[in-house]
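A short write-up of the structure that comes next.
The values are calculated or read from the model by the stated rules, or taken from the named source; none is laboratory data. Model, not experiment: these values are computed from the prediction. Heads up, the Cβs are rebuilt from the backbone with ideal geometry, glycines too, and the neighbour counts pull from every protein chain shown.
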Amino acid sequence: MHFPRPSRLTLLIPILSGWLLACTADPEPPPLSPEVARGEQLLAASRYPEAIAFFQREIRKAPSVAPLHAWLGHAYTGNEQLLEAVGAYKRCLEIAADDGPTRVELATLLTRLDRLAEAEAQLHIAISHDPQLAKAHRILGRLHFREARYDLAIESYTRATTADPTFVKVWGDMGEAQLRLGDLDAAEAAYRQGIARDSTAAEFRDGLGFVLFKRRDFAAAAVELEQALQLDPLHARAHFNLANTYLRLGRSEDGKKLLERFGQLDDQEQRMYGLEVTILQSPERATLYHDLAVIHSQRGETDKARRRYIQAVLRDSNFAPAYHNLGNIQLRQGRLREAMGLFRRALRADSTYVLAYRSLGNSYMRQRQVAAAIESFEAGLRHRPGDEDLTHRINLAREFMAEGAAR
């Protein structure tokens, strides 16, 4: 029928200038450059390489100003240089140990890297400095949820809502955790609390509808699920839940139509959900992250795809397809040098990976290094004799070379 979607830890990048004052412990820090706002603008525009270079320059001028290191961490994170981001955040915290927001950012990043024990330790430190830091409690709860420690997750979510009653998203997290424990009363109460604070959230309506379905109150479940679809007509899970509710109400035709719509609407979403559930059970399987990344890429979700490919290679440093696909992302973004490095890394992982030879050859052609391109295509052909595509590329490259020689 339905299981709550696994929580997704999301990265929030605090770039408001007012936050600056929260990240410095020096009584008399060196003065900030009046141009620092330029770095914030680069971050806001997702121009991460430029932001990295900018904040590195500012840090050389004022190495003891904590916020600069935090901003550099944000830029590294946005550019998927995750280990560098960890170092930048830690440097900020060496200077300003009581900076809660940066410690939460570090913990979030450590969670993405599956360094869960370190992430949990950082969150506890943040909370010790500021027990009212609602975001730290929520992230800690999501970490516990990921580890299937649902009772501890609920405790953390409760502390988050106590610290900040307006922190609406936590009520959805709470409902999911209570459902995992089978406490329908508590799950219903959580979803109703969320709806009371944000009546436009389809996720809360869908969750409440599912609880009412479990209670066999199908008429009331239908009302909530119909509202969920009014709020979000593309909400796949609500289609599925409402279809099953209609079937229980004897509205078989309506139920069948919704199931058909669900299948048309969300084949990818179903696959993603299944992969995410499997990751909870087998978090070290690199192929799961790679397969999720492929779906994100097909949906045009480049940042999510990049993150999942990186998670794949963190689990298997010889996973050639993930390196290759990361290279393709870099290539589409005009980063030819970085792309070629990733194609070569794929071939170091698997010297028989023909797609990487082809992509590397194409990259050489872009640089008009025709001889190197031919060499790469031919290397691929040795591993896949008779391949028509590689043969065609070799012939085109030779024609191009001959034309150049004739001029």
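Taken over region 195-231, residues that are surrounded by fewer than 17 Cβ atoms within 10 Å (Cβ to Cβ), on the phi < 0 side of the Ramachandran plot and not in a helix (DSSP H, G or I) amount to 5. Looking at this structure, is A187 under 27 Å from A243 (Cβ atoms), assigned to a helix (DSSP H, G or I) and in contact with a Gly (Cβ under 9 Å, 6 or more places away or on another chain)? Yes, satisfied.
The listed residues are A372, A349, A320, and the only one of them that is more than 20 Å from the chain's Cα centre (by Cα) and surrounded by 20 or more Cβ atoms within 10 Å (Cβ to Cβ) turns out to be A320.
Would you confirm whether or not region 332-346 contains a residue that is farther than 24 Å from Q81 by Cβ, without any contact (Cβ under 8 Å) to a residue 40 or more places away in the chain, buried (at least 16 other Cβ atoms within 10 Å of the Cβ) and of a type in the set (D, E, K, R)? So far as region 332-346 goes, no, none of its residues is farther than 24 Å from Q81 by Cβ, without any contact (Cβ under 8 Å) to a residue 40 or more places away in the chain, buried (at least 16 other Cβ atoms within 10 Å of the Cβ) and of a type in the set (D, E, K, R). When you scan region 271-278, do you find a residue that is of a type outside the set (A, V, I, L, M) and either surrounded by 18 or more Cβ atoms within 10 Å (Cβ to Cβ) or modelled with pLDDT of 90 or more (or both), even just one? Looking for residues that are of a type outside the set (A, V, I, L, M) and either surrounded by 18 or more Cβ atoms within 10 Å (Cβ to Cβ) or modelled with pLDDT of 90 or more (or both), one finds none in region 271-278, hence no.
When each of Q281, Q311 is tested for being buried (at least 20 other Cβ atoms within 10 Å of the Cβ), farther than 28 Å from I394 by Cβ and out of contact with any His (no Cβ under 8 Å at 6 or more places or on another chain), the lone residue that passes is Q311. Going by what's in this entry, would L20 be described as buried (at least 19 other Cβ atoms within 10 Å of the Cβ) and at pLDDT below 80? Answer is yes for this residue. Residue count for region 319-366 satisfying the condition of being small (G, A, S) and more than 21 Å from L292 (Cα to Cα): 6. What is the residue count in region 279-312 for residues that are more than 28 Å from S46 (Cα to Cα) and modelled with pLDDT of 80 or more? So the count comes out to 4.
Residues are listed down the side, and each one gets a yes or a no for (1) at pLDDT below 95; (2) buried (at least 19 other Cβ atoms within 10 Å of the Cβ); (3) more than 23 Å from the chain's Cα centre (by Cα):
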position	(1), (2), (3)
R149	yes, no, no
T158	no, no, yes
T166	yes, no, yes
A186	no, no, yes
R192	no, no, yes
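On the basis of being among the charged types (D, E, K, R), at pLDDT 90 or above and under 25 Å from E58 (Cβ atoms), does D98 make the cut? Yes; evaluated as a whole, the condition is true for this residue. Out of all the residues in region 239-252, is one or more of a type in the set (A, V, I, L, M, F, W, C), touching a helix residue (DSSP H, G or I) at 6+ places or on another chain (Cβ under 6 Å), at pLDDT below 90 and not in a loop (DSSP other than H, G, I, E, B)? Yes, the conditions are met somewhere in region 239-252. I'd like to check something: does region 272-287 contain any residue that is within 22 Å of F343 (Cβ to Cβ) and assigned to a helix (DSSP H, G or I)? Within region 272-287, one or more residues are within 22 Å of F343 (Cβ to Cβ) and assigned to a helix (DSSP H, G or I). For the residues L249, L234, L181, the requirement of being aliphatic (A, V, I, L, M), under 25 Å from the mean Cα position of the chain (by Cα) and surrounded by fewer than 17 Cβ atoms within 10 Å (Cβ to Cβ) singles out L234. In region 52-80, of all residues being farther than 14 Å from T102 by Cβ and modelled with pLDDT under 90, the one that is surrounded by the most Cβ atoms within 10 Å (Cβ to Cβ) corresponds to G78. Taken over region 304-314, the criterion of being more than 14 Å from E276 (Cβ to Cβ) and touching a residue at least 40 places away in the same chain (Cβ under 8 Å) is satisfied by R306, I310, L314.
Of everything listed in (1) within 20 Å of L275 (Cβ to Cβ); (2) charged (D, E, K, R); (3) buried (at least 22 other Cβ atoms within 10 Å of the Cβ), the single unmet condition for D291 is (3). If you go through region 160-178 and keep only what is out of contact with any His (no Cβ under 9 Å at 6 or more places or on another chain) and either aliphatic (A, V, I, L, M) or part of a helix (DSSP H, G or I) (or both), you end up with V168, K169, W171, G172, D173, M174, G175, E176, Q178.
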